[in-house]
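Below is one structure; the comments refer to it alone.
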Amino acid sequence: MREIRIVFMGTPEFAVPSLKILNESNYKVVAVVTAPDKPAGRGLKVKSSPVKEEAEKHSIPVLQPEKLKDPQFLEELRSFNANLFVVVAFRMLPEVVWAMPEYGTFNLHASLLPAYRGAAPINWAIINGEKETGVTTFFLQHEIDTGDIIMQEKEKIYVEDNAETLYDRLKLKGAELVLKTVSAISNNSVNTQKQAPAENTPLAPKIFRDTCKINWDQNSFEVVNFIRGLSPYPGAWTELDGKTCKIFRASIANISSAEKPENADYLTDNKSYLYFFTKNGALSIEEIQPQGKKRMLIDEFLRGNKLCLFQQ
């Protein structure tokens with residue numbers, strides 16, 4: 001069995017279970033690399049990343065470089081004499097970093113590669129109506145998310161899932177896969193496989209504000225998936241009486257597009273329901289957040305917001 005000395009690289013909450021499981025399994029994590037502290041919240045109080053907070057619980061040295069090619073950072077990274085780098089939810093690494101350790105650098109990705117290469121695989125899998133996704137570990141190489149696959153585990157996507165619930169399951173499943181991968185590398189029993197050609201596989205590009213605008217010209221099923229895939233963050237949004245509102249939860253309404261009033265985008269009694277019309281029917285909005293206000297259930301929203309168009 002090889003002696004493994006790990007540098008762990010990650011920043012958000014998604015990476016914490018992977019770091020935690022390595023520590024609990026008595027693998028030697030000699031250092032952690034994470035994003036620099038930055039101001040957050042209304043008071044702009046300087047906040048550490050979740051991975052840094054976890055590392056400090058175990059007195060693991062933490063590196064927070066602004067630039068990954070900085071000579072001082074590279075020298076310090078080498079000084080830990082790590083022979084394996086583990087990357088979970090971190091930025092793209094330059095070759096001078098990922099080629100450094102003897103046993104390579106592997107990444108955990110929240111999809112079944114080569115499908116959903118990119119920054120937002122969990123969101124896009126739900127948006128596209130997938131019934132299944134998973135997690136993959138693979139060795140890094142030059143092109144992003146293209147390296148040789150080490151291991152994969154599948155995960156079902158349920159109709160009630162949103163991005164948050166799937167994220168929570170995948171971060172735990174991913175941690176287990178990270179542990180299995182490190183164990184295989186330690187035992188020198190890794191059997192990698194090349195990724196299949198990805199010409200016809202869906203991608204998972206970064207999501208921007210404009211990406212999140214709801215297209216009501218899609219069918220009801222597509223719009224529900226779009227809302228689920230962006231809930232709770234960053235949140236699908238639409239315009240309602242000239243104001244921007246985020247929609248966190250909606251279901252297909254039992255009405256047809258034939259019931260749509262002329263020139264109307266929505267239908268409401270201003271008490272208990274708000275229906276938005278789609279290409280082939282309508283959605284019942286269940287949870288909403290008006291701009292500048294809190295997230296609320298639809299009846300609470302309607303009590304405080306009388307809309308221009310309503311059904312008597």
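The values are calculated or read from the model by the stated rules, or taken from the named source; none is laboratory data. Since we're looking at a predicted model, the values are computed, not measured. For neighbour counting, all protein chains shown are included, and Cβ atoms are generated from backbone atoms with ideal geometry for every residue, glycine included. SASA here: full protein model, heavy atoms, side chains in, ligands and nucleic acids out. Shrake-Rupley method; radii C 1.70, N 1.55, O 1.52, S 1.80 Å.
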- For K47, all conditions in the list (1) open to solvent by 40 Å² or more (accessible area, probe 1.4 Å); (2) in contact (Cβ under 8 Å) with a residue 12 or more places away in the chain hold save one; what is the number of the exception? (2)
- Message: Suppose we filter S183, S220 for residues that are at pLDDT 95 or above, of a type in the set (G, A, S) and either open to solvent by less than 10 Å² (accessible area, probe 1.4 Å) or at positive phi (or both); which single one remains?
- Response: S220
- Query: Taking segment 120-166, which residues are part of a helix (DSSP H, G or I) and either without any contact (Cβ under 8 Å) to a residue 24 or more places away in the chain or surrounded by fewer than 19 Cβ atoms within 10 Å (Cβ to Cβ) (or both)?
  - Reply: E164, T165
- segment 261-310, subset on the phi > 0 side of the Ramachandran plot and free of Cβ contacts under 8 Å to residues at least 12 places away in the same chain, residue most open to solvent (accessible area, probe 1.4 Å): N263
- Query: So R169 fits all but one of (1) within 15 Å of L112 (Cα to Cα); (2) assigned to a loop (DSSP other than H, G, I, E, B); what number is the exception?
  - Reply: (2)
- Residue list for segment 127-153, filter: closer than 22 Å to P234 by Cβ and among the hydroxyl-bearing types (S, T, Y): T133
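What number of residues in segment 18-41 are part of a helix (DSSP H, G or I) and buried (at least 20 other Cβ atoms within 10 Å of the Cβ)? Explain how you work it out, then say what you get.
So in segment 18-41, the residues part of a helix (DSSP H, G or I) come out as 18-24.
Okay, now just the ones that are also buried (at least 20 other Cβ atoms within 10 Å of the Cβ), so 18-19, 22.
Adding up the residues that qualify gives 3.
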